[in-house]
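Presented below is the structure to which this report refers.
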Amino acid sequence: MSVSSSASPGGLPAVAVANLLAAERQRFLELHPRSVSLAGAAREHWLGGVPLHWMQDWGTPEALHVRSARGAWLEDVDGHRYADFCLGDTGAMFGHSPPPVAAALQAQVVDGLTTMLPTAAAPAVGSLLAARFGLPWWQVTMTASDANRCVLRWARAITGRRRVLVFDHCYHGQVEEAMVRLEPDGTVRNRPGLVGQAADLALHSTCIPFNDLAALAAALATGEFACVLAEPVMTNCGMVLPDPGFHDALRELTRRHGTLLAIDETHTLSSGLGGYTRVHGLQPDFLVVGKAVAGGFPCAVYGFTEAVRHGIEQVQQHKAPGHSGMGTTLSANPLALAALHATLAEVMTPAAYLHMERLAVRLADGFVELIADRRLPWHVSRVGMRVEVGFQPRPPRNGAESESGHPALLGDALRLYLLNRGVLVTPFHLMMLTSPATEVAQVERLLALWREAVLLLQVGAGEMPP
Ligand SMILES: Cc1ncc(COP(=O)(O)O)c(C=O)c1O
């Protein structure tokens, strides 16, 4: 359910939102001449003017070009400094270039970048992964997308089943199996917007609403599913928290029906030490972590239980000789192992999480105060250090409800208002992360700017502040 409509996105007048967005786009162009000029030059050879098309998704008239990023600060090519709450959309969740990671990379960089052989760090990294996340067996990939693809292949090979179950509106990276969508009439189809699909993805995948235990039980009872792939909290359609008891039921039902459970912690690593799995005592068969797991260096890992390892061994013994279809050349390179080691041992610490969570709590409390003061039909969600405002009064229970609570133009107007005043939040749902390097003053500045923007929009609607 959403109170947002085109007439009043997030309970704010559409005209005021459109005016603010137009004014902030103009202001961006005036404030960022060097970014604008680089963007013009970049359009000669980069598709869409940027090396990765998502870099155009910030709602800025031209892409902001970065000079440097350190800790919780980012500086652009025009010399503006930003308090960074986007943090590379989670890749830099532990701050930009955490000093132990930078030092480990600097030491390794002169001793080989890629060798297709383990370095001396390998045993220690394996032990740290097992200790942090509670699963005994591990493999490294370059990205979380890769890790999820490997997990799904192993799950199919072990169970001898083809189908995969995901939750509607999920995102697990460039993973075809997860790119299905539940239509209002109950059918499952390829997600709208996908390009280049050769296959009807619904042949091998299905999706059901998050928190819908009846649908979960009915799907798993067919005995067709190799694996359920789930984020423990949905984070890619806005934030959707699990109902109390949801994860217990998910585990019990998957076990009962012989389906393997893969928990994707790529974003929920924000929950606390060891991710949501450790904090809430989940018992997945597979666990995936990417993005920030090596301090922002490209790397991801997947872990699994002893029972899964045994299943993998059986598959390997009985399969035909030849390439398994898993593995990429640069995975587990010496730099990735060095960055993983430094992150797990020195960056992802209890003290770091304590600081991040303390600031995230302040951030969430600040939004609760703002919502109450300005009588906004919004709510706040938080998973550890990850904070989001949903532009609807009640927290959503599934992906479809959540996505309807994120009006695009309001998001763009607010993000641009903050950016033009030295604060970055994500292009995706205005998500905000606090890092071990984030400062209290940065949090207070963010909250003050949100309040300012809301007042402007309400005044624009003729609603004078008290
Ligand atoms: C939950 C989840 N899993 C996997 C991925 C894919 O990560 P990557 O883009 O690094 O492959 C993402 C990316 O946002 C994600 O949110």
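The values are calculated or read from the model by the stated rules, or taken from the named source; none is laboratory data. If you're wondering where the values come from, they're calculated on a predicted model, not measured in any experiment. FYI the Cβ positions are ideal-geometry reconstructions off the backbone, even for glycines, and counts take in every protein chain you see. Areas reflect the complete protein model, heavy atoms only, side chains present, ligands, DNA and RNA absent. Shrake-Rupley method; radii C 1.70, N 1.55, O 1.52, S 1.80 Å.
Amide H contacts of R191 (H built 1.01 Å from N, in plane; Pro and chain starts excluded): V180, R181 sit under 5 Å, all sequence-distant by 5 or more or on other chains.
The shape of the stretch 1-140 comes out prolate: with a ≥ b ≥ c from the C-alpha gyration tensor, a/c is at least 1.5 and a/b beats b/c. Please give the FRET efficiency for A18 paired with A372, using the beta carbon to beta carbon distance and R0 = 22 Å, rounded to the nearest 0.05. Between A18 and A372 the formula returns 0.25.
Under 1.5 on a/c is rounded, so check that first for the stretch 189-253, then, if it is not, pick prolate when a/b is larger than b/c and oblate when it is not; a ≥ b ≥ c are the square roots of the alpha carbon gyration tensor eigenvalues.
Oblate shape, in that a/c is at least 1.5 and b/c is the bigger or equal ratio.
For the stretch 139-288, the fraction of 1.4 Å probe accessible surface lying on carbon and sulfur atoms is 52 percent.
Basic side chains Lys and Arg get +1 at the Cβ, acidic Asp and Glu get -1 at the Cβ, and with that the dipole of the chain about its Cα centre reaches some 440 debye.
How much of the accessible area of the stretch 402-447, in percent, comes from carbon and sulfur atoms when a 1.4 Å probe is used?
Of all accessible area on the stretch 402-447, carbon and sulfur atoms account for 61 percent.
The HN-Hα couplings worked out from phi for the stretch 176-190 by the Karplus form 6.51 cos²θ - 1.76 cosθ + 1.60 (θ = phi - 60°) are 4, 4, 9, 9, 10, 9, 8, 7, x, 7, x, 7, 10, 9, 4 Hz, whole numbers, x standing for Gly and Pro.
In the chain, the DSSP-assigned H stretches of four residues or longer account for a calculated mean residue ellipticity at 222 nm of -12000 deg cm²/dmol, using -39500 (n - 2.57) per stretch and the full residue count as denominator. Average accessible surface for the chain: 42 Å² per residue, computed with a 1.4 Å probe over protein heavy atoms with every protein chain in place. Converting the Cα gyration tensor eigenvalues of the stretch 56-102 into ellipsoid dimensions via √(5λ) gives semi-axes, longest first, of 20, 13, 8 Å.
Taking label positions 7 Å along the Cα-Cβ direction at both R309 and T115, the computed distance is 2.4 nm, reported to one decimal. Taking the protein heavy atoms of the stretch 14-93 in the context of the full set of protein chains, the accessible area attributed to carbon and sulfur is 57 percent at 1.4 Å. For the peptides 195-208, 255-268, residues were scored by their other Cβ atoms within 10 Å and the scores averaged per peptide; the highest-first order is 255-268, 195-208. Secondary structure note: in the chain, about 65% of the DSSP beta bridges are antiparallel.
Quick check: from the Cα gyration tensor, does the stretch 149-289 come out rounded (a/c under 1.5), prolate or oblate? Taking the square roots of the gyration eigenvalues as a ≥ b ≥ c, the stretch 149-289 is rounded. Placing a label point 7 Å from the Cα of R27 along the Cα-to-Cβ direction, the residues of the stretch 83-106 whose backbone N falls under 19 Å from that point are 83-86. Normalised by the number of residues in the chain, the mean separation of alpha-carbon contacts (under 8 Å, six or more apart) gives a relative contact order of 25 percent. Estimated from the Cβ-Cβ distance and a Förster radius of 56 angstrom, the FRET efficiency linking S324 and A41 is about 0.80. In the stretch 28-101, which GluC sites (Glu not before Pro) fall in coil by DSSP and have 13 or fewer other Cβ atoms within 10 Å? Here the sparse-neighbourhood loop sites are E44. Seen from A351, the other residues with C-beta closer than 12 Å to its C-beta sum to a net charge of -1, counting Lys and Arg as +1 and Asp and Glu as -1. Given a Förster radius of 22 Å and the C-beta distance between A218 and R189 as r, what FRET efficiency does 1/(1 + (r/R0)^6) yield to the nearest 0.05? E between A218 and R189, to the nearest 0.05, is 0.70. Taking Cβ atoms as reference points and 12 Å as the exclusive limit, the residues near F167 contribute a net charge of -2, counting Lys and Arg as +1 and Asp and Glu as -1. Pairwise inverse Cα distances across the chain, averaged and inverted, put the Kirkwood hydrodynamic radius at 23.3 Å.
Taking θ as phi - 60° and the Karplus parameters 6.51, -1.76 and 1.60, the scalar couplings of the stretch 40-46 work out to x, 5, 5, 5, 5, 10, 8 Hz in sequence order, x denoting glycine and proline. Residues R362, R251, sorted by accessible area with the largest first, give R362, R251 [1.4 Å probe; ligands and nucleic acids excluded]. Annotation for D243 and R67: the two label points, set 7 Å from Cα along the Cα-Cβ direction, are 5.3 nm apart.
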